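Asks: Please see the structure below; I have some questions.
The values are calculated or read from the model by the stated rules, or taken from the named source; none is laboratory data. The structure displayed is predicted, hence computed values, not measured ones. Cβ placement follows ideal geometry from the backbone for every residue including glycine, while neighbour counts extend to all protein chains displayed. Side chains are part of the model used for accessible areas, which takes the heavy atoms of the whole protein and leaves out ligands, DNA and RNA. Shrake-Rupley method; radii C 1.70, N 1.55, O 1.52, S 1.80 Å.
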Amino acid sequence: MSTQINDAVRQAAREAGLTEEVVASFAASAAPRLRDVMASLVRHLHAFIRDVRLTQAEWDAAIAFLTSAGHITDEHRQEFILLSDVLGASMMTVAVNSPARSSATESTVFGPFFVEDAPLIENGDDIGGGMSGRPCHVSGSVRSTSGAPLPGARIEVWAADDDGFYDVQYEGAALAGRAHLFADDAGAFEYWTVQPAAYPIPHDGPVGDLLAAAGRSPMRPAHIHFMVTHPGYETLITHIFVEGDEWLAQDAVFGVKQSLIVPFVAHSAGPGPGGRTLDQPWSSAVFDIALAPSEPE
Ligand code: BEZ
Ligand code: FE
């Protein structure tokens, strides 16, 4: 063998040997799951570094990127969730944890704007007070995948206003555009909010820089978030997306699923649901939700 080939073989063996050495260092982990996850992580990480022949300068840039993601992260801003989102890692985690069940409502990304303990509202209440945007009536039902209504299902909703901002993004703002309510005896729910608008994910940090460098848009199509729970059923974390939104095909976080796109029907001023008379145009959307039982039925 020529010296060149000898060197290449020695180099490959050295690289492969390092991977095995690091994998072996986790072999005695008390938890087998930790051992297996770390072994796979190390193998994929090393394979990636070898595949792209990562330079020292690129590794340094990666460390600087993660450091600045840490610096910008606080109780209101979670840059690591954004990073996971724009890499499709959040949606891949959703995908592997919610196996396709044809009759269950599909899941999508959670996002960073959920708030625990959002106010309890009654069916028919309005959570849009103080937010900009035209009134929007949202109604629907919660059923099991076998079609049985699920009275008492807990429904958390949260959405941005028509400027594309969540309440928590305003300095010192009160909670708005978010609430929880319970499905009634027939499994039905309804509430008023404002028509959501497309908005950019926070892009004034390292994740925004990455998107800009890649020529990618930070926009998300207009949507309303839902988290629906009922004892005995899988928790559903999902959105409804506004049919016709120009960003549906380019969601920065890859969250759009065809089954979650619903019409938001435009209405002129006048009588609306629940005896309400609207003095301006309004819209309405219907979302019928099917929860999968925790144990197959
Ligand atoms: C959201 O829809 O709230 C969201 C999801 C991912 C990243 C940023 C925001
Ligand atoms: Fe959102």
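Asks: So, with +1 on the Cβ of K and R and -1 on the Cβ of D and E, and no other charges, what is the size of the charge dipole of the chain about its Cα centre, to the nearest 20 debye?
Replies: 960 debye
Asks: Separate question: For a quick check, take a GNM of the chain with Cα springs below 10 Å and name the residue from 41, 236, 175 with the largest mean-square fluctuation.
Replies: 41
Asks: Work out, step by step, the length gained on full extension between residue 40 and residue 65: first 0.36 nm times the residue separation, then minus their alpha carbon distance; give nm to one decimal.
Replies: This chain segment gains 6.6 nm when fully extended.
Asks: For the chain, modelled as a GNM with alpha-carbon contacts under 10 angstrom, which of 91, 38, 227 fluctuates the most?
Replies: Sorting by GNM fluctuation, first place goes to 38.
Asks: Per residue, what accessible area does the chain have, given a 1.4 Å probe and all protein chains present, in Å²?
Replies: 54 Å²
Asks: Here's a follow-up. Can you give the direction-averaged projected area of the convex hull of the alpha-carbon atoms in segment 1-157, in nm²?
Replies: Quarter of the Cα hull surface area: 17.2 nm².
Asks: Follow-up question, since we're still on this one. Under 10 Å, Cα contacts only: if you run a Gaussian network model on the chain, which one of 12, 148, 64 comes out with the highest mean-square fluctuation?
Replies: Residue with maximal mean-square fluctuation among 12, 148, 64: 12.
Asks: Given the convex hull of the Cα atoms of segment 2-54, what is a quarter of its surface area in nm²?
Replies: Average projection, Cα convex hull of segment 2-54: 3.8 nm².
Asks: Whole-Hz Karplus ³J(HN,Hα) for segment 78-93, in order, using 6.51 cos²θ - 1.76 cosθ + 1.60 and θ = phi - 60°, x for Gly and Pro?
Replies: Those phi angles translate into 10, 5, 6, 5, 4, 4, 4, 5, 6, 8, x, 6, 5, 5, 5, 5 Hz.
Asks: Determine, for each peptide in 252-258, 275-281, the mean count of other beta carbons within 10 angstrom over its residues, then list the peptides with the highest first.
Replies: 252-258, 275-281
Asks: Another question about this same structure. Using only alpha carbon positions, build the gyration tensor of the chain, then give the equivalent ellipsoid semi-axes as the square roots of 5 times its eigenvalues, largest first, whole angstrom.
Replies: 45, 24, 16
Asks: So if I take the centroid of the Cα atoms in segment 1-62 and the same for segment 111-146, what is the distance between those two points in Å?
Replies: When both Cα centres are located, 48 Å separates them.
Asks: Roll a 1.4 angstrom probe over the protein heavy atoms and tell me the percent of accessible area of the chain that is carbon or sulfur.
Replies: Result for the chain: 58 percent of the exposed heavy-atom area is carbon or sulfur.
Asks: If you don't mind, there's one more thing I want to ask. Normalising by the residue count of the chain, find the relative contact order in percent from Cα pairs under 8 Å and 6+ residues apart.
Replies: Across the chain, relative contact order equals 19 percent.
Asks: With a ≥ b ≥ c taken as the square roots of the eigenvalues of the C-alpha gyration tensor of segment 124-202, please select rounded if a/c is under 1.5 and otherwise prolate if a/b is larger than b/c or oblate if it is not?
Replies: Prolate.
Asks: Here's a follow-up. Show me, for segment 190-199, the HN-Hα J-couplings you get by feeding each phi into the Karplus relation (A = 6.51, B = -1.76, C = 1.60, θ = phi - 60°), rounded to Hz, glycine and proline as x.
Replies: With coefficients 6.51, -1.76 and 1.60, one gets 7, 7, 9, 8, 10, 4, x, 10, 5, 8 Hz.
Asks: Heavy atoms only, probe 1.4 angstrom, no DNA, RNA or ligands counted: give me 26, 165, 264 ranked by accessible area, highest first.
Replies: 165, 26, 264
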